[in-house]
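Colleague: Just passing along the structure, written as structure tokens.
The values are calculated or read from the model by the stated rules, or taken from the named source; none is laboratory data. Computed from a predicted model, the values in this text were never measured in an experiment. Ideal geometry is used to build each Cβ from the backbone, glycine not excepted, and the neighbour counts take in all protein chains shown. The accessibility values were calculated without ligands, DNA or RNA, using every heavy atom of the protein model including side chains. Shrake-Rupley method; radii C 1.70, N 1.55, O 1.52, S 1.80 Å.
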Amino acid sequence: MQDRYKKFDLTNKVAVITGASEGIGRDMAVGLAEAGADIIICSRREERLLEVKKIAAKTGRKVQTYTVDIQNVSEIKGLKAFIKANAGKVDILINNAGYAVTKPAWEVSETDWDTMLDTGFKGLFFCCQTIGSIMREQGYGKIINLSSTLSKSIVPGRAVYAGLKAGINHLTEALAMEWAPHGIRVNAIAPTAVNTPSRQATLQGPMLEKVLARIPLRRLATTEDLLGAVIYLSSGASDFVTGQTIFVDGGWVAAR
Ligand SMILES: NC(=O)c1ccc[n+]([C@@H]2O[C@H](COP(=O)([O-])OP(=O)(O)OC[C@H]3O[C@@H](n4cnc5c(N)ncnc54)[C@H](OP(=O)(O)O)[C@@H]3O)[C@@H](O)[C@H]2O)c1
């Protein structure tokens, strides 16, 4: 391999992935370990994390689990202490954990609102701030936030989710600007629909047909599609990229 391609190698990097117990986060965690990173996988369900650990450990990389509810800032501080004690550093933070409610805006309850925002926006911000503070001490780090095509387009029933994902794109730019002097790159990945466990109930029948009709490449995204973007943004190959949202969406946003 020519030296310039070694920039994509993540060997001996430490990556922390939230929401790694299933779906996109799980496959990103395994993919990062395959690319050479030691990983710390986080979510609320320990038994699911241990299942993911078994799969990721086959790569030979160090895999650690940490149980955390990111709605609670003091629990995120516990994660920071765990990283410092058990890895000593963090090169990559993937803010993937999220919660989505699909219902007409008229019917959204205060609990729906709080759970979506406390997980997907407050939790994400305080993960950036808390885990990012280790990166500030190091003078280097890569933060990747999970956005969505709905940050730039609309489907009925997803008003709050769309608003918070648009907020993530803008927050990503704001943090990229504030933290560039500390060597911290902050970017986002915005997938179109991926058939993860949390989406299986909605991505069916006529709804699935509608979604496919809006994607010029005429299929859903797979976690495999997202992996190239994650590895690029995690690696030295993207060291001059910050404040960007990369749409991995089969052309959805371009076609809107
Ligand atoms: N799937 C799609 O079509 C799609 C499209 C665009 C963007 N996205 C975004 O991609 C990300 C992953 O989506 P997904 O469909 O794979 O899964 P998801 O169902 O949105 O997220 C589930 C993950 O987040 C964890 N989680 C939820 N609340 C948490 C909390 N309070 N604290 C810690 N962890 C928490 C869950 O684990 P525990 O239950 O174990 O805590 C699980 O691992 C999300 O940010 C989503 O908005 C998804």
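Colleague: So in the stretch 148-160, with the set limited to residues that are in contact with a helix residue (DSSP H, G or I) (Cβ under 6 Å, 6 or more places away or on another chain) and either open to solvent by less than 20 Å² (accessible area, probe 1.4 Å) or within 30 Å of S133 (Cα to Cα) (or both), which one is nearest to the ligand (Cβ to nearest atom)?
Modeller: It comes out as S148.
Colleague: Answer with yes or no whether I189 is modelled with pLDDT of 95 or more, on the phi < 0 side of the Ramachandran plot and away from the ligand (no atom under 12 Å from the Cβ).
Modeller: In short, no.
Residues checked against (1) open to solvent by 10 Å² or more (accessible area, probe 1.4 Å); (2) within 16 Å of G19 (Cβ to Cβ); (3) touching a helix residue (DSSP H, G or I) at 6+ places or on another chain (Cβ under 7 Å):
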| residue | (1), (2), (3) |
| --- | --- |
| D114 | yes, no, no |
| I131 | no, yes, yes |
| K165 | yes, yes, yes |
| L171 | yes, no, yes |
| V230 | no, yes, yes |
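Colleague: Further, regarding this structure: Here is a check on your reading of the model: is G120 under 17 Å from T242 (Cβ atoms), assigned to a helix (DSSP H, G or I) and open to solvent by less than 20 Å² (accessible area, probe 1.4 Å)?
Modeller: Judged against the criteria, G120 is not a match.
Colleague: Please go through the stretch 212-228 and give me each residue that is crowded, with 17+ Cβ neighbours inside 10 Å and of a type outside the set (S, T, N, Q), ordered by number.
Modeller: Answer for the stretch 212-228, where residues must be crowded, with 17+ Cβ neighbours inside 10 Å and of a type outside the set (S, T, N, Q): R214, I215, L220, A221, D225, L226, L227.
Colleague: A further question follows. Only one of these conditions is not met by P104: (1) open to solvent by 10 Å² or more (accessible area, probe 1.4 Å); (2) over 14 Å from the mean Cα position of the chain (by Cα); (3) within 16 Å of the ligand (Cβ to nearest atom). Which number is it?
Modeller: Among (1) open to solvent by 10 Å² or more (accessible area, probe 1.4 Å); (2) over 14 Å from the mean Cα position of the chain (by Cα); (3) within 16 Å of the ligand (Cβ to nearest atom), P104 violates only (3).
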